[in-house]
Structure formats: C-alpha cells, structure tokens
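Right, one structure below, let's go through it.
Each reported figure results from applying straightforward, stated rules to the coordinates on display, with no laboratory input. Note that this is a predicted model, so its numbers are computed, not measured. Positions of Cβ are backbone-derived with ideal geometry, glycine not excepted, and every protein chain shown enters the neighbour counts.
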Amino acid sequence: MTQHRAVPVFTRTLLASSLFLAFVPAWSQDTPSDPAPAVTAPAAAPAQSDKDGGMSSVVVLGSRSTARTALDSAAPVGLIGAKDMAMAGPVELGKLLQTLDPSFNFSTTFISDGTDIIRPATLRSLGPDQLLVLVNGKRRHQQALVNVQQTIGRGSAGTDINAIPMSAIQRIEVLRDGAAAQYGSDAIAGVINIVLKNQTNETQLSGTVGGTTEGGGELRQGSVNKGWTIGDGGYINLTAEARYRGETNRAGEDSLRVTPPRVTQRIGDSLAKDQYFWWNSAIPVSSEGEVYVFGGVSHRTGDSAGFFRSAGDGRNVPAVYPNGFLPNIRTTVKDASLAVGYRRDLANDWKVDFSVNHGRSELDFHEKNTINVSYWYEPKPGDGIYAESPLEADTGKLKFKQTTFNADLRGPLDIAGNKVNFATGFEWRRDGYAIDAGDPVSYQYGRTNNPAVVITDQTGGAAASGTQGFPGYTPATAVDDARHNIALYADVEHNITPQLLIGAAARWEKYSDFGSTTTGKLSMRYDPSRQVGFRGTVSTGFRAPSVQQKFYSSVSTNLNAAGVLTETLTAREGSAVTKAFGIPNLKQETSKNASVGVVLRPASNFSLTADLWRIDIDNRIVFSSNIAPESGACATAAACPIKAILDPLKVGQAQFFTNAIDTQTKGLDIVAEHTTRWPGNTLVLSGQLDFNRTTVSGRHSDSPVLTGAQLFDDSQVTLIERGQPRQHHVLAADYTHGQWNGNVRANYYGAVQGQGFTAPFVQTWDAKWIVDATARYNFTKSTSITVGSNNIFNTFPTKWDPVKAAPFPQLGFTYCWETCPFGINGRSWYARVDVAL
C-alpha cells in the first residue's frame, strides 16, 4: 500500500517540474524584455525598486565587497522582498520563510514542552544551531531553550526566529552556502540576514484576522510601523506588533485510558500571545560618519499540554482528579537585543565599522493543572498522610545572553596595478547561560526531599517526585556560567578579468574553554557571457559546542522504549553520570562544504539557476539516545553496567550531549522565474526545487560502556536522516491586473519518517502538496485589503498506522508527531487590511 501511494506523488512532482521548466522558455521568446518585479522566486529575482526605495535584488550577504544582485553572486543567495511577504499567508516569520524558501524548514511541534512555543528553524536539513542568523548584518543571539524532546533539532539551541516581527522587516537574504570562514561558528548550513525597515515617509498600519476551518486557531494580529527623518540622511523607524493565535486540537478519542472513549490530549498548536517593539535608526554625526542603533524586545506567552495522566495512573491522585488530568504547561518567552555602532567613510573608498551587540533570551516555565504525588501521599508525623499538594508551580527559568564586539575595515588595495577588494576585522564575544531552579514543590520528593522516606502512590509503587507534566529544575541542575572567544578574519575578492571573479576568506577563532580553530573558503564566479554564468565554492567550517549544550541539565518525564512515562536525567558535560559512562567533554564540529552552480539568463525576463552542494560534518554534536538500564535479571553489576550506573542515582534513563556521529548532506537547488508583461498586466511564474539527502556516515563512542549504536540508536539516525523532507518544492504564479493582485503557491513536502516512539517500526508520513491562494485589491496606493487561504484543499499528514504504531493511535494521536513539516491544522483563512498614512 505504501509503495502504491508513493508512485503517484513522485510522478506528480516530476510532471509539475517538467511542465514548469518546459513552459517558461516558450514564453520568453515572444514576451516583452523589460525586467519585472520579484514576487515569488527570491533567489532569481530581477532588479526592481521596492516601496522602501531599495533595490530588491541587491544583496550584501556572502561578500564583504561591493553589493551585487542575487544572480551575480558567487554563492546561491535567496532574496525575500516586501511584496513576497505581503502576498504570503503566514504571520509568523518561521512559517513565512518555510513557505517561500524550500531550503528552510520550520517543523511543527506539540507536546514538546518549551519547543511548542520556540519551534526549530533549520536550513538545508541540518540542525537549528548550524544556521547563523544576522540582523542588519550583525550576529543574532541564540535562544535559551534546548530542544530535549523527540523533535527536529533534538539536542540543539538555535535562533528563536519568531522573536522578530514581520512588520519590522524590509527584506530577508538567505545564503545557502557554508560561511564559517566569513561569519564565524554556526554558519555551517548557511546564513540568514534580516534587514530591518528604514522608511521615513509614511505610517504603515496593518490588521489581520483569521482561523481554521477545522476549528480553533483563531488569529488576530495588528501592527504599526512609523519612520522619521533625522538630520541629513538619518532616520529612526519604530515598529509595534501584537498577535493572538488560538490553540488547535486535532486529537482523536482515547480508547485505552478512559471509558467511554473521549479526547484526553491536546495535539496541535499551542495558544500563543505575542507582543513586539522594534527600532532601527541611524544618526549622522558628520558628513562621513553615522551612529546606528537597532534592536527590539518581544514578550510571548504559550499555553500547551503534556501527557494525560489517567485516573488509575500512579502519577494521579483520584481524590483531586477523579477522571485523570492533563498537565498544563505555561511558558513565557522574553527576548531583547540592542546593537550600537559607528561607521564612517575613510579616504580612498575605505570604510570602518565598530559595533557592540547585546542580546538575551529567557524562557520561564509555569505548570498548572498538576500535582506533586509525593507531597500528597507523604506520611504525616503521627498517622496518615498529608493529603495536600499545590496544583500549580513555577518550574524554573532558562537564560541565555550574548555580547559581541566587532571592528571591521574594508576597502580596495592596489596590488601591482590591480584592484583587490580587502576586508579584515576582529570580534570578541561572550556567551552566558543560566538555569534557575523552580519552586521546591516542582521538583521535591516529599517535603523534605529525602529519598530514604518511603512514599507510595495509589498503586503501591514509589511516588513520583515533582510536578506532573514538567518537573521543575532543581538546585542541582541550576547553573550560571559563561565563556568567551576572540576571532580575526581576512577576506579578499578580485576580478582577474571582467568575466572571472575569485575570492578567499580565512578566519581564526580561539575559545576560552576548548582552544582555537582556523577555517577557510575559496569562491569563484565566471561569466563567459551575460546569458551564462558559473559559480562555485569550497570551504571548511566548524561549530563550537554552545554554552547551552555544555551547561544544560534537567530531570524530565519522557516515554521509554516500552511506552511508559519515565524520569529521564539530562546530564551535563563533566557530571558524575557522564564521567561514569566515560563520555568526554564536548569538542567542536568540523565541516567541509562544496558547491557548484550555473546561472542562465536566456532573456531579460527569464532566469534559471542550478546549484549542486555537499556538506560533510565530523564529530557532530547530538543528543544521545535515552540510555536505559538493561532489562531482566542481573547476576552481577558487570553483567548490567548501565543499570549499575543509573540505579544508585534513582534515574529511569539518562541522556547527554556528545560528539557521536559524522554526517554527509548533499543536494540540488533549482530556481527559475519568468515574467511577462502586457498593458496593465503582469504575470510571474516561478519554481524553486530543493532536493537533499542526509546520511549518518559514522557512529562512534569513546565510552567503555556504550557502543556507538547504543549512544545514538536507529531511531535517532532516522530522525537525522528522514525527519526533514528530502524534497521541498515551491511552484507559484503571481498575476497583477490593474488594482488586483492574485497569487497561487504550491509547496511540495517530501515524505518524512520517524521511529522515536514506535521502534523498531518506522512510521512514514507520505509526501503532500499544500496549495495556498491570496487575492489583494488596492483601493489606492496606500490602502489595500487582502484575503487568502493556506492549504485550500484541507490536506493533512498521513495517519498513524493503527496496528504497527500502537498504542499511539489508540491514545488519540491521529497524524504526525516527532516530525511534522506542514503541521496538522488543515485549511486556514485570513483577511488583512493595510493602510499607509
């Protein structure tokens, strides 16, 4: 049956791609030759003037010399402009990027603690922490949350992409190339540069309402953006935005834990309330220099759920919850950043830039609709039990902060009569990480937290400690530590001939906690004619272990291999657990990256690019599998070494960060766009095809107790290799007629797989097409109304296999879980009004 479904999907993909590529050149022979607006194919956008006055196809990412168009770059750079964002449906930046750029993935998560509110953002199917995000060309700080659940990006702490409001963004540049030698650690997969608005001539107001046709997901969003001119060429631009997203629940009936069957789980988007305030400014201080200040604050709250505790479960107290209960996890995400810098022009076209950039991320956990079973059943002095427990508690905070100082110098050098563009700079960065413990009731075993006290639950077993759903961080897991690093870089570019550009970059970095590393990059661009161009890069890269990975530890409740809720210890580097298992301290990942591509412009209104690429990563930092004690009888401790380590700690299973695998990722990106114009009408056809494949090329272990296959088992290999779509294509048509503008976009998400909860059975969620449609009417140049629908055909992921995936379908899990590329909400709708004053 699975094979029968896969053949039509593959056929439809090839058919759609072939028809598109065959159709476009035919139009180019008899259509006007003037360039047209970039609408749906960011990477292949011809030049046009945006409303803000900037050239939408000019990019600065990927090169430190003169800005050039995306089609003229030495590495593939995608560009998303203001109109791209306006004609796409999502109001969250992560979902918008996924809709418009097929190399970007923003997996939907649920029942995943903090990952429900800060979802993982990835590029080219690598990890969230292998993607570097810049704002106005400056490094953006990472998130405080570590993804410790069975989701995409497990074990990583990437960038909270949704902490940036779309209403503050002028354009987005996506460099699909390894760039550690240019921009530093984390740029193994590529770089995203978010350029903030700097307009000063109007007040932009926007309001959106929406929802889903299957119920829930109510959307209310409003924003205002205002700019003012300061002095001669200066500006200040302010943005305020607020958004409400209602929860969705696509859970089925629970036929195992309750009688009669009913819905017991919340499976879908969490309720979220978001507020933002951002600014971007530049103040001239002389005819040659200016001070710039930009940044923003955001405050977001989430309301999600854990696993249902049935009435007879040992983690329930029937006197309080006679029908069982669903723990409620409340999260608050606070994010702030501030960059202050000075840049000026020097003699002979040289430029200098000094900046200090500080950012911080904080995630607060609060548990409601919960109970501490050990508090309730704790023996009371004299006789009986206390029969008391708080039903909510603060469960702790995660904090990350980063301060970066940069000094950059660039300009032309005259070497033997040849002009060489040269750039060099220095960077100092400090990363800090802290965990605050929760309220005592959130983690204690009884009021004295004394394991020698015997406390039994309603089943006669040992009573669980801490609050149910999300146990609090303990004083033992609390931490406040930091590290710093320095870096020096040099970057050169030179046109050997007008047709041949070569570039080279080198970067040296030294970290306070594990030493130094050097990376390099070579790039080339050759244009034998205006119609044909060739480009390629080779580079080495690295990613230092993040402070989150070095210092994070926790105790959480997860499902073990038998599907039983079990206390899981996440042990930090250098802890008693990692030492007992012989796990060494983390070291940096190293990578090799290569790409080669062709750029075709057979006509001024048609372009086609194709880029082959490959990334090899050694010593990749991952989250280990859940290490559980051996089952069955153990004659001696030597016969059950894992049990001998974990039992004295009273831990059901353990996990930790380790350099356990090597991976190879390779792919092909094809981007094409054709524009035709006739009086009063414009039609833009575009296609972006992304093919990629990640394989785990090696599993290794330095532990004398654990093999590589135990340290990183098959279910984790499947998540790395098949958790993200190996194919993601975007086909679109954008049509403008007078005051009307219509857009139809189809996203093809390839099949994904997971076995984290069903091993050894591998669950496949088949490939799907998701079609969106948008229509906009411009009453005037400053007032418009937009209506649209995402997923207009109400497409859902494949359902769980009712037999092989048991017991999850019987518990109410209907669709995907550990990997959900496009979510499970079904069809949504929205209406938006935009006004410029």
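Past the 19 Å Cα-Cα mark, which pairs from Lys334/Lys510; Lys401/Lys550; Lys334/Lys550; Lys666/Lys799; Lys351/Lys510? Violating the 19 Å limit, Cα to Cα: Lys334/Lys510; Lys334/Lys550; Lys666/Lys799; Lys351/Lys510. Along the axis of the charge dipole computed for the chain (Cβ charges of +1 for Lys and Arg, -1 for Asp and Glu, origin at the Cα centre), the listed residues Gly438, Asn198, Ser465 are led at the positive end by Asn198.
Charge tally around Val420: other residues with Cβ under 10 Å, Lys/Arg +1 each, Asp/Glu -1 each, net -1. Listed by chain and number, the aspartates and glutamates placed with their C-alpha closer than 17 angstrom to that of Lys368 are Asp113, Asp116, Glu247, Asp303, Glu388, Glu392, Asp394, Asp439; residues fewer than eight positions away on the same chain are left out. As a rough footprinting exposure proxy, the listed residues Trp769, Trp817 were ranked by other beta carbons within 10 Å of their own, and the order from fewest upward is Trp769, Trp817. Partners of Lys804 within straight-line reach, counting lysines whose Cα lies under 25 Å from its Cα and excluding those fewer than 8 residues away in the same chain: Lys768. Set the Förster radius R0 to 41 Å, insert the Cβ-Cβ distance between Ala490 and Ser782 as r into 1/(1 + (r/R0)^6), and round the FRET efficiency to 0.05. Efficiency, rounded to the nearest 0.05: 0.30. Measuring between alpha carbons in the structure, the pairs from Lys95/Lys592; Lys95/Lys781; Lys197/Lys781 lying more than 22 angstrom apart are Lys95/Lys592; Lys95/Lys781. The modelled label-to-label distance between Lys579 and Lys799, using points 7 Å beyond Cα along the C-beta direction, is 5.3 nm. Peptides 453-465, 299-311, 753-765, 365-377 ordered by packing proxy, namely the average of other Cβ atoms within 10 Å per residue, highest first: 365-377, 299-311, 753-765, 453-465. Among the trypsin sites (Lys or Arg not before Pro) in segment 632-699, those located in a DSSP loop and surrounded by at most 12 other Cβ atoms within 10 Å of their own Cβ are Lys650. The stretch between Gln710 and Asp232 holds 165.6 nm of extra length on full extension. This uses 0.36 nm per residue minus the Cα-Cα distance. Put simply, the amide H of Lys587, placed in the peptide plane, has neighbours under 5 Å in Asn659, leaving out anything fewer than 5 places away on its chain.
May I ask you to derive the relative contact order of the chain, considering only C-alpha pairs under 8 Å and at least 6 residues apart, and to give it as an integer percent? Dividing the mean separation by the residue count of the chain yields 13 percent. As a ratio to 2.2 N^0.38 Å, the alpha-carbon radius of gyration computed for the chain takes the value 0.96. By the rule of a C-alpha distance below 24 Å, with chain neighbours fewer than 8 residues away ignored, the lysines paired with Lys643 are Lys579.
Within the chain, the whole DSSP H helices whose Cα atoms reach 20 Å or more along their own axis and whose mean Kyte-Doolittle score is at least 0.5 are 2-28. Taking a sphere under 10 Å around the Cβ of Arg430 and counting the other residues whose Cβ falls inside, with K and R at +1 and D and E at -1, yields a net charge of +2. Percentage of Cα-Cα pair distances in segment 448-509 greater than 17 Å, rounded to whole percent? The share of Cα pairs beyond 17 Å in segment 448-509 comes to 72 percent.
Mean sequence separation of contacting Cα pairs (under 8 Å, at least six apart), scaled by the length of segment 456-602, corresponds to a relative contact order of 21 percent.
Mean sequence separation of contacting Cα pairs (under 8 Å, at least six apart), scaled by the length of segment 393-509, corresponds to a relative contact order of 30 percent.
Other residues with beta-carbon under 9 Å from the beta-carbon of Gly533 carry, at +1 per Lys or Arg and -1 per Asp or Glu, a net charge of +2.
A helix-only calculation puts the chain at -2500 deg cm²/dmol for mean residue ellipticity at 222 nm, using -39500 (n - 2.57) for each DSSP H run of at least four residues, averaged over all residues. The separation of segment 488-507 from segment 781-837, counted between C-alpha centres, amounts to 45 Å. To check you understand DSSP bridge types, tell me what percent of the beta bridges within the chain (both residues inside) are antiparallel, rounded to 5. Here the share of antiparallel DSSP bridges comes out near 95 percent.
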